[in-house]
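What follows is a set of notes on a single structure, which appears directly below.
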Amino acid sequence: MTERRLLLGNEAIARGLVENGCAMATSYPGTPASEILAAVAFFQKQNRISMHTQWAVNEKIAFEIAYAGCQTGLRTAVSMKQVGLNVASDPLMSAAYMGVNGGFVVISADDPGPHSSQTEQDSRMMAMMAKIPVLDPDSPEQAREMIGLAYEISEKYKTPVMLRPTTRVCHSRQDIDLRAIPENNREVNFEKNPARWAATPKFRLQLHKELEGKLAAIARYRASAPVRLNPGAKGKKVILSSGVAAAHTREIMKALKLWSKIPLYQIRQPFPLHREFVTRLLKNYDDILVIEETTGVIEMQLADRYHVKGKLSQTVSRVGELSPEKVEEIICGFAGLEFRQFEPPAVPGRRPTLCAGCPHRASFFAIKKAAPRGIYTSDIGCYTLGLNLGAVDTVLCMGAAISQASGFYHAYKNEKKRPDVVATIGDSTFFHAGVPALIDAVVQKNKFVLVILDNRTTAMTGSQPTPASGIGAGGEPLNAVDIESLVKGCGVKFCKLGNPYKVKEFTALVKEAVAYSRKHGPAVVISRYPCVIDMLRKGETGQYIPVEVADTCDGCGYCIQHFECPALIYHDDEDRKYVTIDPLLCIGCGVCLEVCPKGSFVIKKN
Amino acid sequence: MAESIKQQLVISGLGGQGVLFVTRLLAEAAIEKQLPVFTSETHGMAQRGGVVLSHLKVGDFTSPLIRPFQADGLLVLKLENMARHGFFLKPDGWAAVNANADQQSKIGAPVDADRLAQKISNPKAVNLIVLGWALKTAERASSGNRLFCSYEDIKSVLKNRFGSQKKMLRASLKALEAGYNAKEK
Ligand code: SF4
Ligand code: SF4
């Protein structure tokens, strides 16, 4: 009774988890990994599975919760995007030494391109550093399969196992046959063993030795060994490939009629690379091409500088995504075939922009009015796009808006002219990594304004709840943490709430905060208005003010440049320049009424 | 399984236009026909008003992405994307393009989906109108490039999807039909 269903790569991973008896799944949202946990929660509900699923405050916490679960003998998993793994790297390194009891899978989704990330870092390098095995799926289907393999390895060798999908696996859809979900009847049993679970440095050395032993054994494990995809092909050249690059390679080698000419191996476990395979490879072939994303992890382990081509030899580009056309070019070069170079046309891109009616836009407009020559530190979320408005000067990583504001304050504090510093951070990001930075700022009496953009959701990644939402991954009611009390609890004396849609009042509020901060230290403004997309999704409606542009508009372009609502259309006609509003996009937030210096935006009559 | 159908389609538009929805409908049509299917989508930052591109491959494929000059068909929800993504099309492929009367689209079959959407008072339905139009366009394509699914197939996918939501279903079918029956200008 197999049922074929169209599943997103992330849903296939989730399916793999529930089909393999995962009893605890945690995550923090981040593209391209966000849909994994939501899908686990969906399957959990649909099949009434008794398990724990949750969005955690950040990746480190998500990791630690799921890790404790595996210490009790359960199968557990944590999922995140690659930069999230940086946040969780502390427990990762240590968990590798201590090992697991029940199976534990760490899913870290990479984003070569990058399409939606700060870096193109390769999580497989993190697996190498931590000394845990990593599996590299080429498709949604294989990702689902590999969850089973990951649990097998994890429990056999008592180690966390990483699954490293990339954007093209996470965000592909494929038809997949659903398998039965087993009854979960594992015993929950935490066996105390402080020598291991609370090991002191002396015992850590022992654990490290054990870890090396595990790795050596895993490098001999059959079930995860490289697979020869075209047994018929013979020759002195060979291609190794992993992840989605292997999927491209297969298709392209067939298209180029190389399938029967060059042997192709798929590496499913890039680290540790199977030792015997390496020996055989180096003995049997003169020319070895490795195609992998994004770093030369497989290539490094081949340890041969003369016959191996890949990232290290610069045969394969070290940056950017390996698109199928790039893969084709590389294979053609390797096989001595001609390749027709093709540059896609450089059409000026459309830059992403905040949605029409997005409350962030109003907040940024007010901030720029209140602190016109300020330094604006910001953070990770939809509001990063405030850079289009000139209201975002820095974006480093989660939570850095606040610590960087502190850093800028210290750098300038002895100067004669001190710029105002205004930090912006989203509600979810504030919880994630902003709180410790705010405490630091309070202690140090750092003079800057923090505007918390509280739109009541994690918007960028598809509206996951935040700790202030009071709901869980499956929509179940939970406790809510109040941001205002939290800010006050951090010791902030100036903490006020405002509605950014009321532009005038809100600008005055930010001004007040700026004035306060110059004298006393950190001032916090909570800008509260829900994300319009999230409201749409929930079927709620906000205020609707019908706006039109009056004839007084002379096309000065101020609103386009400084406000950039996508519903505003600029007309550059021969006889007249002017702005109109696109009725399809406008949501009637009415904020533009306050934006035009000439007051050309007016409320529609009747 | 149907004998060796292999088809590659590119669907291109802007964030918020419903590119993913159209991709989804086509993929579900493939599943209903017992065909293996692969799609690749844009998520995250680019969805905020940026360029959204999806690839759909039906048949025996392993890679989720389409190489330049390999697509059998192109669905373009916003004309400006023709310049961006036209290169995916193979020389004898077809393109269903949303363009108004003033805009000349050199390759492909234009349909004024924006105007049709206003006409049926469903401004958000541009995607379904272009899909309807693509189904018609592909019917006329040379035999090698016919679409793996028909107008009726997509109607049945919509019925499965919106089974209980009668209003949504009616509106969607109407939009699809408006595109399918749009006269080529
Ligand atoms: S999704 Fe929400 S928060 Fe993000 S840009 Fe749109 S309205 Fe703003
Ligand atoms: S009311 Fe003005 S600012 Fe708000 S969405 Fe419409 S055009 Fe944009």
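The values are calculated or read from the model by the stated rules, or taken from the named source; none is laboratory data. Please read all numbers here as calculations on a predicted model, not as lab measurements. Here Cβ is always computed from backbone atoms with ideal geometry, including for glycine, and neighbour counts include all displayed protein chains. Side chains included, ligands, DNA and RNA excluded: accessible areas come from the protein's heavy atoms. Shrake-Rupley method; radii C 1.70, N 1.55, O 1.52, S 1.80 Å.
How about region A:356-388: which of its residues are farther than 14 Å from A:Y501 by Cα and within 12 Å of ligand 1 (Cβ to nearest atom)? Result: A:G381, A:C382, A:Y383, A:T384, A:L385, A:G386, A:N388. Tell me, yes or no, whether region A:121-140 has at least one residue that is surrounded by fewer than 23 Cβ atoms within 10 Å (Cβ to Cβ) and either more than 30 Å from A:R204 (Cβ to Cβ) or at pLDDT below 95 (or both). Looking for residues that are surrounded by fewer than 23 Cβ atoms within 10 Å (Cβ to Cβ) and either more than 30 Å from A:R204 (Cβ to Cβ) or at pLDDT below 95 (or both), one finds none in region A:121-140, hence no. When A:G521 is tested against (1) closer than 20 Å to A:G426 by Cβ; (2) surrounded by 20 or more Cβ atoms within 10 Å (Cβ to Cβ); (3) small (G, A, S), exactly one condition is not met: (1).
For region A:331-359, a tally of residues being away from ligand 2 (no atom under 16 Å from the Cβ) and open to solvent by less than 20 Å² (accessible area, probe 1.4 Å) returns 3. Looking across A:T353, A:T294, one residue alone is under 21 Å from the mean Cα position of the chain (by Cα), within 25 Å of B:G13 (Cβ to Cβ) and either within 16 Å of ligand 1 (Cβ to nearest atom) or outside the structural domain of A:S527 (by TED's automatic domain parsing) (or both). It is A:T353.
Conditions first: (1) more than 14 Å from chain B (Cβ to nearest Cβ); (2) away from ligand 1 (no atom under 16 Å from the Cβ); (3) not aromatic (F, W, Y). A:I581 passes all but one, so which condition is the exception? In the conditions (1) more than 14 Å from chain B (Cβ to nearest Cβ); (2) away from ligand 1 (no atom under 16 Å from the Cβ); (3) not aromatic (F, W, Y), A:I581 misses (1) alone. Quick check, is A:I569 surrounded by 12 or more Cβ atoms within 10 Å (Cβ to Cβ) and within 30 Å of B:A125 (Cβ to Cβ)? Criteria met by A:I569. Against the conditions (1) touching a residue at least 60 places away in the same chain (Cβ under 8 Å); (2) more than 16 Å from ligand 1 (Cβ to nearest atom); (3) not hydrophobic (A, V, I, L, M, F, W, C), A:P546 satisfies every one except (1).
Inclusion of A:L536 among residues that are within 16 Å of ligand 1 (Cβ to nearest atom) and over 30 Å from A:F430 (Cβ atoms) is not warranted. Taken together, the criteria exclude B:G86 from residues that are of a type in the set (G, A, S), within 18 Å of A:L585 (Cα to Cα), open to solvent by 10 Å² or more (accessible area, probe 1.4 Å) and within 11 Å of another protein chain (Cβ to nearest Cβ). Hey, can you tell me all the residues within region A:416-434 that are more than 20 Å from the chain's Cα centre (by Cα) and modelled with pLDDT of 95 or more? Across region A:416-434, the qualifying residues are A:P419, A:D420, A:V421, A:V422, A:A423. Among the listed residues B:A101, B:A117, B:A96, B:A113, identify the single one that is away from chain A (no Cβ under 14 Å) and within 16 Å of the chain's Cα centre (by Cα). Exactly one of B:A101, B:A117, B:A96, B:A113 is away from chain A (no Cβ under 14 Å) and within 16 Å of the chain's Cα centre (by Cα), namely B:A96.
If you scan region A:541-578, which residues turn out to be of a type in the set (A, V, I, L, M), within 14 Å of another protein chain (Cβ to nearest Cβ) and near ligand 2 (Cβ under 7 Å from one of its atoms)? Of everything in region A:541-578, those that are of a type in the set (A, V, I, L, M), within 14 Å of another protein chain (Cβ to nearest Cβ) and near ligand 2 (Cβ under 7 Å from one of its atoms) turn out to be A:A567, A:L568. Between A:V347, A:V316, the distinction of being within 30 Å of A:A459 (Cβ to Cβ), at pLDDT below 95 and either within 14 Å of chain B (Cβ to nearest Cβ) or more than 16 Å from ligand 1 (Cβ to nearest atom) (or both) belongs to A:V347 only.
Say whether the condition of being crowded, with 24+ Cβ neighbours inside 10 Å, touching a residue at least 40 places away in the same chain (Cβ under 8 Å), over 20 Å from the mean Cα position of the chain (by Cα) and within 16 Å of ligand 2 (Cβ to nearest atom) is met by at least one residue in region A:366-385. For region A:366-385, residues crowded, with 24+ Cβ neighbours inside 10 Å, touching a residue at least 40 places away in the same chain (Cβ under 8 Å), over 20 Å from the mean Cα position of the chain (by Cα) and within 16 Å of ligand 2 (Cβ to nearest atom): present. Taking first residues from region A:445-461 that are over 11 Å from A:G521 (Cα atoms) and near ligand 1 (Cβ under 10 Å from one of its atoms) and partners that are assigned to a strand (DSSP E or B) and at pLDDT below 95, the Cβ contacts under 8 Å between residues at least 6 apart in sequence or on separate chains come to A:T457/A:Q464; A:T458/A:Q464.
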